[in-house]
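Structure record follows, encoded as structure tokens.
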Amino acid sequence: IRAAEIKVIAGPEKHSRIIPQHERELTAYHEAGHAIVMHSLPNHDPVSQISIVPRGQAGGMTISLPEEDRSYLSKRYLEDEITALLGGRVAESLVLGDISTGASNDIQRASSLAHKMVATYGMSDEIGMVALQTQNNIYLGGDTSLTCSPETSAMLDRKVIELVGAQYKKATELLSAHMPKLHELAKYLYEKETITGEEFMTILERPVAQLEN
């Protein structure tokens with residue numbers, strides 16, 4: 001992905017901002033967590049760039065690009081997307097023993113995606129193939145609304161929470177199994193600030209014994 005495209009997507013880099021050491025370390029682990037989870041998921045797009053340079057409201061970013069055009073998104077693909085979105089928060093919790101507000105956008109996106117899977121795409125076995133979320137006329141100031149009973153709405157909320165929770169558990173299991181790689185990648189990111197997908201793969205493909213030297 002070209003620098004100009006990234007600038008349009010995420011805004012210009014903020015090199016002039018003074019970032020405390022502990023915040024740089026947190027961001028490095030956060031983005032490393034995203035990247036390793038993405039790579040570990042069979043249905044996720046490959047990582048093309050990782051950066052801890054602030055852009056816009058983001059302290060860092062991990063970019064993945066599809067290898068082919070898609071007309072449809074499968075349930076497994078969407079589940080993997082939620083898992084990847086939660087990888088940063090999981091890394092913070094596992095390594096630093098604390099969590100931050102840096103995952104707020106990730107959580108919003110994961111929650112929104114899970115809600116659409118249940119309420120719009122008919123991907124919940126318990127609720128079934130019904131569309132509970134409707135889009136009102138946006139030109140008249142409308143927004144999304146639910147067309148269901150309070151009982152069904154409560155069930156929808158429960159299924160969304162269960163779906164996000166299951167993917168958080170999956171991200172935790174994946175990162176727990178790759179802790180040496182997580183530490184090495186976060187250290188490299190801390191030093192280099194921005195790395196390519198090729199550099200990322202080089203780190204992952206080294207033997208663990210070499211990483212520990």
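Is the range 41-94 best put as rounded, prolate or oblate by its Cα gyration tensor, with a ≥ b ≥ c the root eigenvalues, rounded for a/c under 1.5, and otherwise prolate when a/b is larger than b/c, oblate when not? Don't skip to the answer; put the middle values down first.
Values: a/c = 2.41, a/b = 1.46, b/c = 1.65.
In terms of gyration-tensor shape, oblate.
What's the carbon and sulfur percent of the range 89-134's accessible surface, probe 1.4 angstrom, rounded to a whole number?
Numbers: 1210 of 2410 Å².
Result for the range 89-134: 50 percent of the exposed heavy-atom area is carbon or sulfur.
Could you tell me how far the Cα centroid of the range 147-165 sits from the Cα centroid of the range 27-103, in Å?
Centre-to-centre distance over Cα atoms comes out at 25 Å.
Find how much the distance from Thr202 to Lys169 grows on full extension, using 0.36 nm per residue of separation minus their present alpha carbon separation; answer in nm with one decimal.
Numbers: separation 33, 0.36 × 33 = 11.88 nm, distance 2.71 nm.
Extra length from Thr202 to Lys169 when fully extended: 9.2 nm.
Quick check on the range 19-137: take the gyration tensor over C-alpha atoms, sort the square-rooted eigenvalues as a ≥ b ≥ c, and tell me if it's rounded (a/c under 1.5), prolate or oblate.
It comes out prolate by the Cα gyration axes.
Give the shape of the range 81-127 as rounded, prolate or oblate, defined through the alpha-carbon gyration tensor: a ≥ b ≥ c are the square roots of its eigenvalues, a/c under 1.5 means rounded, and otherwise the shape is prolate if a/b is larger than b/c and oblate if not.
Numbers: a/c = 3.61, a/b = 2.55, b/c = 1.42.
It comes out prolate by the Cα gyration axes.
Give me the one-decimal nm value for the distance between modelled label points at Gln21 and Thr152, 7 Å along each residue's Cα-to-Cβ direction.
5.7 nm
What's the FRET efficiency of Lys192 with Glu67 using the Cβ-Cβ distance as r and R₀ = 25 Å, to the nearest 0.05?
Working: r = 25 Å, r/R0 = 1.00.
According to the calculation, E is roughly 0.50.
The values are calculated or read from the model by the stated rules, or taken from the named source; none is laboratory data. Predicted model, so just to flag it, every value in this text is computed and none were measured. Every residue, glycine as well, gets a Cβ built from its backbone with ideal geometry; the counts of neighbours run over all protein chains shown. Heads up: the accessible areas ignore ligands, DNA and RNA and are worked out on the full protein's heavy atoms, side chains in. Shrake-Rupley method; radii C 1.70, N 1.55, O 1.52, S 1.80 Å.
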